[in-house]
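Values quoted throughout were computed directly from the atomic coordinates according to the rules given, and no laboratory measurement underlies them. Because the structure is predicted, anything quoted here is derived from the model rather than measured. Virtual Cβ from ideal backbone geometry, glycine too; neighbours counted across all protein chains shown.
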Amino acid sequence: MTPPAENAGSKPGKREYGEPHGGWRALVYRVTFESETPAGRLFDKLLIWAILASVAVVVADSVPDLHDHWYLAFDIAEWFFTILFTVEYLLRLSCLKQPRRYAFSFFGVIDLLAVLPTYLALVFPAIHVLIDVRVLRLLRVFRIFKLTAYISEYQTLALALKASRRKILVFLSAVTLIIVVMGSLMYVIEGPERGFTSIPTSIYWAITTMTTVGYGDITPQSGIGRAITALMMLLGWGTLAVPTGIVTSEIALRQARRTEDEQKPEAETRKCAACGETVHLQTARHCQACGARLPLIE
C-alpha cells in the first residue's frame, strides 16, 4: 500500500509497486493504490473504518461474557472482515504486473497477516495441540498496522525516528550502561538475603527503578541502597524527556525543511537520485537520508 504522504507528493508516473495492467485492472489500481484520487480517498476512508471495526470485534470477542452471548455474531463479523480483506488483497495483487513486489513489501505482508489466521484456524482445527488458538486470534489485531498506510502522520513519525536513530541509540547505550553499573553495585551492597540474588535480578530492579515503575517486589534495605535508589529515580525523571526531545526536534526540523522547499521555485527543489528524498537544506551537499551527493542548484 502506498501511504498518502508519498502519493500526494509524488509525480505522475511514479509507481512504488510497479506498473499496473490495463483495462479494468488499471481502474482497480487507481482506487486501491492512488489515494490522491476521489475514489482512492473514499476507498481509504472505508477501509480505515473496516480495520477499526474488525479490531474492535477481536477485542470484544476476547471478553468472556460478550463471547458467551454474542459468539455467533462475532463469528459472522470475523468472516465478513476476513473475506473483505481477502478480496482487497487479491485485487491489489491482480492489478499489478509484478505482484511479488507488493506481496513481499511491508504492507503486503501486513495485509496477508490480516487474513491468514482465520484460514489457518479453519484448515487446522486441531492446531491447539501445537499452539493455542488465542495466538491466532491475537494475530488478527495486527490489522491495526494497516492503518499506517492511510495516515500521513505515521509516515512523518517513522521518518523522524529513522533520522534520529543514532541519537536514540547513543541515549539507550548510556542508559544501559547506568543500569548495568547500578544493578551490579546494588548486588554487592544489598546481597541475596535482601532479594538481590544475582546481577540479572539486580539489573531488573535497576530497570524498573530507572523507568520510575517500581513494582516493589525487590526493595533495598540499607541506607546506601536507598540513596542509590533515590538517585536512580531522579535520573529516571530526567531521562524521560530526552528521547521525546530528540524525536520532536527532528519532526520540527523536517516540517521546517518541507515548508522551505514548498516555498522555493520548483527548479531549486533538489531530489536525491539514490533514495528520492526531497527535503534538504538549501546549503546541503549530501542527502540527509542516505548520504548520496546532491545535484547543485543552478
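Here are a few things to note about the model shown:
- Relative packing of 233-240, 89-96, 247-254, which averages over residues the other C-beta atoms within 10 Å, highest first: 89-96, 247-254, 233-240
- Per-peptide average of other Cβ atoms within 10 Å, ordering 99-111, 37-49 highest first: 99-111, 37-49
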